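Structure first, then comments.
The values are calculated or read from the model by the stated rules, or taken from the named source; none is laboratory data. Note that the coordinates shown come from a computational prediction; the quantities given were computed from them, not determined experimentally. Every residue, glycine among them, receives a Cβ derived from its backbone with ideal geometry; neighbour counts consider all protein chains shown. Accessible surface areas use protein heavy atoms only, side chains included; no ligands, DNA or RNA. Shrake-Rupley method; radii C 1.70, N 1.55, O 1.52, S 1.80 Å.
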Amino acid sequence: MPAPDPQSILDGNRRALAKAITLTESSLGAHREESQRLLEALLPHTGNSIRIGISGVPGVGKSTFIESFGQLLLKAGKRLAVLAVDPSSPVAGGSIMGDKTRMEQLSREENVFIRPTPSGGTLGGVAQKTRETMLLCEAAGYDVIIVETVGVGQSEFQVAGMVDFFMLLMLPGGGDELQGIKKGIVELADALVINKSDGEGAGIAAATQTQYQSAFSLLRNESHWTPVVMRCSALANTGLGEVWDTIQSYVASTRESGFFERQRATQNRQWMQQLVQSLLMQRLKESPSVAAALPKLEMDVESQTITPYAAARRVIELMDEG
Ligand code: GDP
């Protein structure tokens, strides 16, 4: 598969972009090299978007929210890319989020690019591909990138680490446990947005908002941003303008303070560190010397003939031998 011409991506050619993403997702060594060359050529043209992470349990209304919010962004003259991190799906189609009926209206829009989660692979692998896809979309001129994930595992931590602004969609009523929210993730959120604040849910949503507002003020007290708790109805299309206003004021104030760029720099460094680990693990798995010696070493550790530390050291020495 020849890599698309970088210029065709900069020109906004959707087929070229889709092809570049497919190349990025391939696990073939030759494809990886081609996609890295392409990414390097495009790197100076990346970074010009607002990266927004959206997470929440299945059924909270993520796709409905993105459908309505996306229309609002289009009206504001934005070009939008929607990417997904959903490592729960070993095969495309079996995904919680991958079905084609989601975001039906948005997917027909000229200025919207929707890419379902890459299928298969570990969470780290999927996250890595999504990060590269994000860069490709930026080079193609998309100025808002939404990275969506189901908040039922570890993927929301990965997503929070690759975006500028991370928000959690919540349901009216119920504490963290009821909402299936992992400990720690609320602390990473720049905004909590209580969806389905309509009909019978409206009153409960207001109470939930107050509850989280007071909890939040105790949780996070950082100088760069005070997290906000908002209400909306993705279905009735209310409160979405406020969400967009909040994101814009976040971007403006963190750009001014320098936090915006600092956070991106930190994220890049952490991304590299994760890659070092995964490349090392890959080398370990591919080493014939390690493969030959490992079963015996494991047995020796189990029977306490050698210490786990000595065995681990031996594995690393063997890896260096190839
Ligand atoms: P996802 O699994 O998080 O992507 O959730 P969906 O967007 O598929 O929504 C799940 C269900 O909730 C659907 O039946 C939606 O119509 C409904 N829903 C989504 N947003 C709202 C909302 O703001 N108000 C109400 N009442 N229902 C909503």
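So here's what we get for this one:
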read-out: Failed item in (1) within 16 Å of the ligand (Cβ to nearest atom); (2) of a type in the set (Ser, Thr, Tyr); (3) at pLDDT 95 or above, with residue 208 passing the rest; value: (3)
read-out: Residue check for residue 63: assigned to a strand (DSSP E or B), within 16 Å of the ligand (Cβ to nearest atom) and at pLDDT below 95; value: no
read-out: Residues located in the range 82-114, provided they are charged (D, E, K, R), surrounded by fewer than 19 Cβ atoms within 10 Å (Cβ to Cβ) and at pLDDT 65 or above; value: 104, 108, 109, 110
read-out: So residue 57, is it within 14 Å of the ligand (Cβ to nearest atom) and in contact with a strand residue (DSSP E or B) (Cβ under 6 Å, 6 or more places away or on another chain); value: no
read-out: Answer from 280, 275 - the residue that is touching a residue at least 40 places away in the same chain (Cβ under 8 Å) and either within 28 Å of the chain's Cα centre (by Cα) or in a helix (DSSP H, G or I) (or both); value: 275
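Yes/no per residue for (1) more than 20 Å from residue 54 (Cα to Cα); (2) open to solvent by less than 30 Å² (accessible area, probe 1.4 Å); (3) within 13 Å of the ligand (Cβ to nearest atom); (4) under 25 Å from the mean Cα position of the chain (by Cα):
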position	(1), (2), (3), (4)
196	no, no, yes, yes
204	yes, no, yes, no
215	yes, no, no, no
228	no, no, no, yes
244	no, yes, no, yes
